[in-house]
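As structure tokens, the structure follows; a few thoughts come after it.
The values are calculated or read from the model by the stated rules, or taken from the named source; none is laboratory data. On a predicted model such as this, the values are computed, not experimentally measured, just so you know. So basically every Cβ, Gly included, is an ideal-geometry build from the backbone, and we count neighbours across all protein chains shown.
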């Protein structure tokens, strides 16, 4: 009966961390420079046990280059996906996500403003970018949803997505304006639009881990409420959910997660949109299972996408956004085609 | 229908995301044969000058140009080097050398080139290049009765050609200057090459070099083959570590670490905030084992000496020679 | 016995300058099934939105003696439950999952397991609505009637003392209409419960209601027993036509055959 599905879901939740761990090891072991698996394990073991590294080149490639990058990819994937899944549940809208709602564009606008005007917080390099990204992510969400509620209180898919697209275009226009006057810093700004994991480092991974953990726990704490919202906001109110408080909490938590991700790696499209869909197909829509599943699914997805971007045209590197958009677009086309065909 | 619309908007988003990623291609098409025909001796009476530019276009002027617009930074550098700077009435927004161009009115260039803006300056001739300008833009200017010279140099030899052709267009004084510039450049390069060869002689392994065009923070880009940097490296007996990629390309950090360059040349600008580009490279985690970092062999050239096909290529080459082999 | 469960005192709802509910006052006592009747745009559904806090209002609404504004959403949900007109569920939740959500207001922490009371309430709700065979089915595949029964089961699992029904059978065929109303009549037999429902169908109001409130353009025109409130004269005034004559004519069409 009802147990069948939850038992199956629990099995999946045991399997997901294993899959994620395996993919993580593969992503660390494989790169454009070929280091044998045994060598990779040796390097990791020596690093863990603080023993001297016999091969300093392999050690620096694996420990200081690949490891933080794989960690950052995993964390960005997890954060974007849990943010996307929460917004899709909250708004009962399967197309909601940082990119479709214009939150990512807003966050990159914040990042670009921080770069163009040299906004910094003394003692903390690059913190201006992080803070302004988060601030603008929240502001954009506020603007879009206020407008959406005014136009159409049922918050239908079309209203939100169209407003999101309009807002994204507006934010991009402001970014272009800033780029026009930014002169020589132009190169650093285009990076925010393309998305890249190249600037990954252990401090970045640390900040991402804290944000993902805190944001993820806040969102997971709202799992039951998200289930109610996913059935319908009115239904949520009727069964006793504090609709206003939950909406505010979920939106702020997701916006902060997206803001942190954008400030670290630019706009990486489709991750937050596609992962929740894939996971919902596997574990169902119950957020108590879906949210943890998207954390692992998103981490796995982005680690694999980054692996492809690092290796497919080695020694060249592809922007990771190209890979995720490619996979995402094909996945959505397939999903759309089959859902239409089934009628 | 509603679902339709939603999916269409999603698709539009996907396309715009992807669209932002194109538009960053590098090199130019193969050069066409070029040459000069001067119908009269460049004496007192102004006469028609006609040259064939590197793309095979015939450019004709009724005498030395009196009003010039240059859209490409390297063209402007050459014009000033040829002594014709006084005739420049407009410049592209990225033209920043020599310093006196700052007082010349700026016109938009690249994809935003504004034909009306250029026509309003009433130039006799516009200098541009195919990498930055489209065929359509050139045609429109030509239709407006303005001569268009397209400089397309992707090697040092082609740069000499462009300098010579531009000298032909800009009058007798310029013609003479062009000849002397090309001669000086040729002599300098020959000397540098000879000196470098001497340094390497005796079986020493040639040092390897990594040209960093974009820093780690924004994703590493390296200069590969078919770039001025690669050509200069070859001349200076240096081994370009990314000679296996074509043009400028995004590369993996781990590839740089594996290729162990002896010298790093970075062209990152410094804005006076945080570590300098050289310090930043030296501080990168995991890079300490790279010979260039271990031996402090990191050079920062910030004035585009080695990326613009102009007279300053020798400055860049000299700076690099001095840095690698000692003055 | 006739304890006041819900009391509205001078309640008005405005959307901008438009007055949707104008100075409405009435009481719902234990054992009552109050039918709110009136033409489209009379403000009937807005009344329900005011009670659940979905619409801003002036005036006072008291629930079990206290201003509803002092209740937390969960506490209010333990007393007042709502069955809406129609539902569109976005995701493939199972019937069982949707029914379980009815216990939200009773089990506050997501980490504490469901209590015996929870299990029993859910089981009772499922049995009452006959949903056992559908428990693992996705709500996206249900018919309109099955979906409405699912939400009715959720409401029974929520176990409130007051039911607010917003035209709950509007889109259902006759068999389901009767099923839903019979289930609610059964539910109402337990003391300390009351029902307020917005209905369009005057015959349903007559056969199930114990009292009625007749509304027109946001104002309460009549309040009393069903027969008093929905008198021929009152209905004629509110609907601007002889409603009784029309209903008779409709029936005669069938008798003639």
If the requirement is being touching a residue at least 24 places away in the same chain (Cβ under 8 Å), within 17 Å of residue B:208 (Cα to Cα) and either within 12 Å of chain A (Cβ to nearest Cβ) or touching a strand residue (DSSP E or B) at 6+ places or on another chain (Cβ under 8 Å) (or both), which of these qualifies: B:294, B:249, B:243, B:289? B:289
When region B:89-123 is examined, which residues are found to be at positive phi and either crowded, with 20+ Cβ neighbours inside 10 Å or assigned to a loop (DSSP other than H, G, I, E, B) (or both)? B:122
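Select the helices (runs of 4 or more DSSP H) contained entirely in region C:19-106, then report the ones holding at least 2 residues which are more than 14 Å from chain A (Cβ to nearest Cβ), at pLDDT below 95 and closer than 27 Å to residue C:223 by Cα. First the steps, then the outcome.
On the way: elements: C:44-52, C:73-79, C:95-101.
Helices (runs of 4 or more DSSP H) meeting the threshold: C:44-52.
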How many residues are over 14 Å from the mean Cα position of the chain (by Cα) and modelled with pLDDT of 90 or more when one looks only at region C:183-209? 7
Which one of these does residue A:39 not meet: (1) within 22 Å of residue A:264 (Cα to Cα); (2) in a helix (DSSP H, G or I); (3) touching a helix residue (DSSP H, G or I) at 6+ places or on another chain (Cβ under 6 Å)? (1)
Against the definition (in contact (Cβ under 8 Å) with a residue 60 or more places away in the chain, more than 9 Å from every other protein chain (Cβ to nearest Cβ), within 22 Å of residue B:318 (Cα to Cα) and out of contact with any strand residue (DSSP E or B) (no Cβ under 9 Å at 6 or more places or on another chain)), how does residue B:263 come out, yes or no? no
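Hey, does region B:124-133 have a residue that's free of Cβ contacts under 8 Å to residues at least 60 places away in the same chain and part of a loop (DSSP other than H, G, I, E, B)? Walk me through how you get there before you give the answer.
Within region B:124-133, the subset free of Cβ contacts under 8 Å to residues at least 60 places away in the same chain is B:126-128.
Checking the rest, the ones that are also part of a loop (DSSP other than H, G, I, E, B) come to none.
No, there is no match, as no residue in region B:124-133 is free of Cβ contacts under 8 Å to residues at least 60 places away in the same chain and part of a loop (DSSP other than H, G, I, E, B).
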Does residue B:290 satisfy the criteria of being within 22 Å of residue B:321 (Cα to Cα), surrounded by 22 or more Cβ atoms within 10 Å (Cβ to Cβ) and over 20 Å from the mean Cα position of the chain (by Cα)? yes
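Tell me the residue from B:231, B:212, B:279 that is at pLDDT 90 or above, surrounded by fewer than 19 Cβ atoms within 10 Å (Cβ to Cβ) and either under 23 Å from the mean Cα position of the chain (by Cα) or more than 25 Å from residue A:267 (Cβ to Cβ) (or both), please.
Values: B:231 fails: surrounded by fewer than 19 Cβ atoms within 10 Å (Cβ to Cβ); B:212 fails: surrounded by fewer than 19 Cβ atoms within 10 Å (Cβ to Cβ).
The conditions single out B:279.
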Please enumerate the residues belonging to region A:47-62 that are more than 7 Å from every other protein chain (Cβ to nearest Cβ) and assigned to a helix (DSSP H, G or I). A:47, A:48, A:58, A:59, A:62
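Does residue C:147 fit the bill of being out of contact with any helix residue (DSSP H, G or I) (no Cβ under 7 Å at 6 or more places or on another chain) and buried (at least 17 other Cβ atoms within 10 Å of the Cβ)?
Details: out of contact with any helix residue (DSSP H, G or I) (no Cβ under 7 Å at 6 or more places or on another chain): no; buried (at least 17 other Cβ atoms within 10 Å of the Cβ): yes.
No; evaluated as a whole, the condition is false for this residue.
Regarding region C:163-177, can at least one residue be identified that is assigned to a helix (DSSP H, G or I), within 14 Å of another protein chain (Cβ to nearest Cβ), loosely packed, with under 15 Cβ neighbours inside 10 Å and over 18 Å from the mean Cα position of the chain (by Cα)?
Step one: of region C:163-177, the residues assigned to a helix (DSSP H, G or I) are C:174-177.
Keeping just the survivors that are within 14 Å of another protein chain (Cβ to nearest Cβ) gives none.
Checking region C:163-177: not a single residue is assigned to a helix (DSSP H, G or I), within 14 Å of another protein chain (Cβ to nearest Cβ), loosely packed, with under 15 Cβ neighbours inside 10 Å and over 18 Å from the mean Cα position of the chain (by Cα).
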Regarding residue C:121, is this residue out of contact with any strand residue (DSSP E or B) (no Cβ under 6 Å at 6 or more places or on another chain) and either part of a loop (DSSP other than H, G, I, E, B) or surrounded by 14 or more Cβ atoms within 10 Å (Cβ to Cβ) (or both)? yes
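Can you tell me which of A:142, A:91 is more than 12 Å from chain B (Cβ to nearest Cβ) and surrounded by fewer than 24 Cβ atoms within 10 Å (Cβ to Cβ)?
Matching residue, one of A:142, A:91: A:142.
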With C:9, C:32, C:58 as the choices, which residue is surrounded by 15 or more Cβ atoms within 10 Å (Cβ to Cβ) and either more than 23 Å from residue C:209 (Cβ to Cβ) or in contact with a strand residue (DSSP E or B) (Cβ under 7 Å, 6 or more places away or on another chain) (or both)? C:32
Number of positions in region A:10-28 that are under 21 Å from residue A:202 (Cα atoms) and away from chain B (no Cβ under 12 Å): 8
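Among the residues of region C:217-257, how many are crowded, with 19+ Cβ neighbours inside 10 Å, in contact (Cβ under 8 Å) with a residue 24 or more places away in the chain and under 12 Å from residue C:37 (Cβ atoms)?
Looking only at region C:217-257, we keep the residues that are crowded, with 19+ Cβ neighbours inside 10 Å, and these are C:218, C:220, C:222, C:226, C:229-230, C:234-235, C:238.
In the following step, the residues that additionally are in contact (Cβ under 8 Å) with a residue 24 or more places away in the chain were identified as C:218, C:220, C:226, C:229-230, C:235, C:238.
When the remaining residues are screened for being under 12 Å from residue C:37 (Cβ atoms), the result is C:220, C:226, C:229-230, C:235, C:238.
Within region C:217-257, residues that are crowded, with 19+ Cβ neighbours inside 10 Å, in contact (Cβ under 8 Å) with a residue 24 or more places away in the chain and under 12 Å from residue C:37 (Cβ atoms) number 6.
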Consider residue A:317 against the criteria (1) in contact (Cβ under 8 Å) with a residue 60 or more places away in the chain; (2) more than 17 Å from the chain's Cα centre (by Cα); (3) surrounded by fewer than 24 Cβ atoms within 10 Å (Cβ to Cβ): it satisfies all of them except one. Which criterion is unmet? (3)
List every residue pair whose Cβ atoms lie under 6 Å apart, where the two residues are 6 or more positions apart in sequence or sit on different chains, the first residue falls within region B:88-112 and is in contact (Cβ under 8 Å) with a residue 40 or more places away in the chain, and the second residue, located anywhere, is surrounded by 13 or more Cβ atoms within 10 Å (Cβ to Cβ) and part of a loop (DSSP other than H, G, I, E, B). B:92/B:71; B:92/B:109
For the structure I just gave you, tell me whether residue A:270 is crowded, with 24+ Cβ neighbours inside 10 Å, on the phi > 0 side of the Ramachandran plot and away from chain C (no Cβ under 14 Å). yes
Qualifying helices (runs of 4 or more DSSP H) (wholly inside region A:163-238; at least 2 residues being at pLDDT below 85 and at the interface with chain B (Cβ under 9 Å from one of its Cβ atoms)): A:186-194
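Condition check ((1) surrounded by 24 or more Cβ atoms within 10 Å (Cβ to Cβ); (2) closer than 30 Å to residue C:88 by Cα; (3) modelled with pLDDT of 85 or more; (4) within 17 Å of the chain's Cα centre (by Cα)) across all residues:
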{"residue": "A:25", "(1), (2), (3), (4)": "no, no, yes, no"}
{"residue": "A:32", "(1), (2), (3), (4)": "no, no, no, no"}
{"residue": "A:55", "(1), (2), (3), (4)": "no, no, no, no"}
{"residue": "A:65", "(1), (2), (3), (4)": "yes, no, yes, no"}
{"residue": "A:82", "(1), (2), (3), (4)": "yes, yes, yes, yes"}
{"residue": "A:106", "(1), (2), (3), (4)": "yes, no, yes, yes"}
{"residue": "A:118", "(1), (2), (3), (4)": "no, no, no, no"}
{"residue": "A:128", "(1), (2), (3), (4)": "no, no, no, no"}
Could you identify the single residue in B:142, B:174, B:153, B:157 that is free of Cβ contacts under 8 Å to residues at least 24 places away in the same chain and either surrounded by 14 or more Cβ atoms within 10 Å (Cβ to Cβ) or in a loop (DSSP other than H, G, I, E, B) (or both)? B:142
State which residue is farthest from residue B:121 (Cα to Cα) when the search covers only region B:59-88 and only residues that are touching a helix residue (DSSP H, G or I) at 6+ places or on another chain (Cβ under 8 Å) and assigned to a strand (DSSP E or B). B:59
